[in-house]
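The values are calculated or read from the model by the stated rules, or taken from the named source; none is laboratory data. Computed from a predicted structure; not experimentally measured. Every residue, glycine as well, gets a Cβ built from its backbone with ideal geometry; the counts of neighbours run over all protein chains shown.
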Amino acid sequence: MKYAIWFVRLIFAAWMIPAGLNHFVPLFPQPMGNQPLSTELITALLDSHMFDMTKAVELLAGLAVLTGFYAPLMVVVCMPVSFCVWYWDVPLQGWSSGSAIYGWAVLVCNLVLCLSYVESYRAMLAPRTAAKGANSAFLGARIVFGAWMLASGANMLFGPFYPVPAGHEPLAVQLMAALTHSKLLYVAAGIELVTGALILAGVFVPLALCVLMPVTVCAAFWAVILEHAPLGMILALAAVALNAWLMLGYLGTYKGMLRRRALTLGESPTPGANFDTAYAIPVGPVSPSQFAVALVPLLAAAAFYYIWVFGDTGRYALLILAYPAVVLVARLLQGMGRGPIAPEPA
């Protein structure tokens with residue numbers, strides 16, 4: 001299993017790093033879509049600069065997956081971005097389009113990586129968890145926030161029971177219209193509805209808060225950066241603050257996700273027997289047998305990009321794969337002539 005996960009990590013990192021960097025340092029043309037809704041959405045994201053956040057997350061997630069540095073955290077942070085990539089490539093561009101292949105690939109790779117770190121998330125996934133230092137104020141904040149998110153989602157999906165912000169500033173109107181027309185706004189409302197209900201009921205609260213945070217951050221970006229309406233700004237910032245404060249109360253459940261380095265399913269701490277000590281950390285030995293085994297996922301990833309991904313995208317992905325190749329060779333050279341390799345200290 002671990003070698004399949006290594007292959008997915010290499011594929012994901014080699015895709016995400018150039019895709020994220022391309023927004024800040026142009027490497028190849030940014031796809032703009034060939035369907036009305038996909039073009040409208042990507043144009044609004046670019047004009048509003050919300051795409052800056054998206055691409056920064058892609059870049060950081062790709063680097064984390066490649067280097068193993070805070071990888072459990074970053075694959076979770078990247079999950080909303082991967083979902084939006086899939087949404088743009090598949091429902092908006094077309095289920096049978098060429099773009100759909102890439103959308104499915106990104107989403108499935110991200111899901112596989114999240115599942116590979118399931119041990120890091122186990123505490124966060126518990127149905128019932130007590131918050132550290134919880135008191136009546138904390139309980140009240142959880143109930144208020146849960147009810148607020150539940151009402152907000154229900155208002156969008158089943159209402160409106162009260163006015164839904166449409167925006168007054170040009171960029172705010174443009175982005176809100178694109179989100180509404182593409183129905184991505186209703187996806188966000190569904191997240192608010194479900195997570196709000198879970199938070200209100202006190203079930204899977206750490207998970208619900210984690211899933212909800214990207215929605216509250218994006219809402220704050222729209223209200224504060226684009227719209228500038230005082231009341232909307234206050235409410236949006238209050239939602240982010242409540243989301244963050246509640247997450248701090250459950251910080252203990254996120255400790256596994258926040259580890260600097262973590263093993264995926266099937267890995268062991270023996271040098272060369274995990275991704276980090278095969279492809280990411282250049283200092284340390286691997287045996288010739290470990291080198292041969294680790295070379296297979298690397299060559300498979302390189303073949304994938306060489307054969308099936310054309311143009312600059314594939315070439316830059318191959319360039320990213322040069323790093324794990326150099327690390328693997330360097331560790332082989334360090335391991336030559338040494339005795340049996342012992343596990344690294346915990």
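What do you reckon, is VAL81 surrounded by 21 or more Cβ atoms within 10 Å (Cβ to Cβ), under 10 Å from the mean Cα position of the chain (by Cα) and assigned to a helix (DSSP H, G or I)?
It is true that VAL81 is surrounded by 21 or more Cβ atoms within 10 Å (Cβ to Cβ), under 10 Å from the mean Cα position of the chain (by Cα) and assigned to a helix (DSSP H, G or I).
Here are some residues: GLY167, GLY196. Which one is within 18 Å of ALA147 (Cβ to Cβ) and either of a type outside the set (S, T, N, Q) or in contact with a Leu (Cβ under 7 Å, 6 or more places away or on another chain) (or both)?
Exactly one of GLY167, GLY196 is within 18 Å of ALA147 (Cβ to Cβ) and either of a type outside the set (S, T, N, Q) or in contact with a Leu (Cβ under 7 Å, 6 or more places away or on another chain) (or both), namely GLY196.
Can you tell which of PRO271, PRO285 is in contact with a Gly (Cβ under 6 Å, 6 or more places away or on another chain), assigned to a loop (DSSP other than H, G, I, E, B) and crowded, with 21+ Cβ neighbours inside 10 Å?
Only one candidate qualifies: PRO271.
If you check ALA330, ALA303, ALA292, ALA322, which single one turns out to be in the same structural domain as PHE69 (by TED's automatic domain parsing), touching a residue at least 40 places away in the same chain (Cβ under 8 Å) and not hydroxyl-bearing (Ser, Thr, Tyr)?
ALA330
Which members of the range 84-99 meet the condition of being part of a helix (DSSP H, G or I) and at pLDDT below 95?
GLY98, SER99
Does LEU248 satisfy being of a type in the set (A, V, I, L, M, F, W, C), in a helix (DSSP H, G or I) and over 27 Å from LEU157 (Cβ atoms)?
Criteria met by LEU248.
Could you list, ordered by first residue, the pairs with Cβ atoms under 7 Å in which the first is in the range 184-195 and without any contact (Cβ under 8 Å) to a residue 60 or more places away in the chain and crowded, with 18+ Cβ neighbours inside 10 Å and the second is among the polar types (S, T, N, Q) and in a helix (DSSP H, G or I), at least 6 apart or interchain?
Once the first residue is without any contact (Cβ under 8 Å) to a residue 60 or more places away in the chain and crowded, with 18+ Cβ neighbours inside 10 Å and sits in the range 184-195, its partners that are among the polar types (S, T, N, Q) and in a helix (DSSP H, G or I) give GLU192/SER152.
Just wondering, is there one or more residues in the range 2-22 that are more than 14 Å from the chain's Cα centre (by Cα), farther than 23 Å from ALA262 by Cα, free of Cβ contacts under 8 Å to residues at least 40 places away in the same chain and surrounded by fewer than 18 Cβ atoms within 10 Å (Cβ to Cβ)?
no
Could you list all residues from the range 110-123 that are of a type outside the set (Ser, Thr, Tyr) and farther than 11 Å from PHE83 by Cα?
VAL112, LEU113, CYS114, LEU115, VAL118, GLU119, ARG122, ALA123
Please go through the range 43-66 and pick out each residue that is over 24 Å from ARG315 (Cα atoms) and either β-branched (Val, Ile, Thr) or at pLDDT below 95 (or both).
Correct list: THR43 only.
Which residues, counting only those in the range 227-249, are more than 23 Å from ALA137 (Cα to Cα) and surrounded by fewer than 21 Cβ atoms within 10 Å (Cβ to Cβ)?
HIS228, ALA229, PRO230, LEU231, GLY232, MET233
Filter the range 157-182 down to the residues that are surrounded by fewer than 19 Cβ atoms within 10 Å (Cβ to Cβ), farther than 19 Å from LEU231 by Cα and touching a residue at least 24 places away in the same chain (Cβ under 8 Å) and list them by number.
LEU157, GLN174, ALA177, HIS181
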